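Every number in this text was worked out from the coordinates using simple rules, so none of it is lab data. What you see is a predicted model, and the numbers here were worked out from it, not measured in a lab. FYI the Cβ positions are ideal-geometry reconstructions off the backbone, even for glycines, and counts take in every protein chain you see.
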Amino acid sequence: MGCFSADHKRLTPVDLRQLDASLRNDVVYMTSLKVRSFSHSFPEHSLNISRRQNTYTERCISALRRISTLNDDLVQLPPALSSLQASFRAKTSFSHMQRLHNMLYAYGATIVEIVRRKEFCESSTPVLITLAF
């Protein structure tokens with residue numbers, strides 16, 4: 001299971017690890033800066049770090065929401081499976097399936113009766129013709 005970014009791109013754990021490593025590198029860089037080395041690029045770099053952190057936080061929250069949704073679905077499964085199992089065990093459930101099962105035998109009996117009557121007609125027709133004249 002991965003998580004999704006704002007642009008609905010599916011992220012794998014590898015992507016999240018790379019993003020985390022990038023953020024860690026930025027933090028190391030920021031902590032290694034000395035006060036005298038601050039320049040005009042510092043605000044841009046700070047903004048870049050903030051954007052990355054926001055992206056990472058968004059992806060984490062998205063993953064947590066997905067996990068929450070899956071957990072909610074998972075919680076609903078046992079009662080649904082229990083009711084299904086109870087309906088399988090009940091004698092009155094699936095009565096329409098029993099009727100369809102019995103219809104198969106009725107259909108077979110009808111075919112047998114049609115064949116029997118056809119054979120009777122074929123075997124008795126010559127006898128009946130001779131009796132009629």
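Working note: Karplus 6.51/-1.76/1.60 with θ = phi - 60° gives segment 114-126 the couplings 4, 5, 4, 5, 5, 5, 5, 5, 5, 7, 8, 4, x Hz, where Gly and Pro are set to x.
Estimated from the Cβ-Cβ distance and a Förster radius of 30 angstrom, the FRET efficiency linking Thr12 and Ala86 is about 0.15.
Just rank His45, His101, fewest to most, by other beta-carbon atoms within 10 angstrom.
Numbers: His45 15, His101 10.
Result, fewest neighbours first: His101, His45.
Working note: Cα atoms of segment 94-133, range along each principal axis, descending, whole Å: 58, 11, 5.
Rounded to the nearest 0.05, what FRET efficiency do Leu77 and Thr55 give with R0 = 30 Å and r taken as the Cβ-Cβ distance? Could you check? The formula returns an efficiency of 0.35 here.
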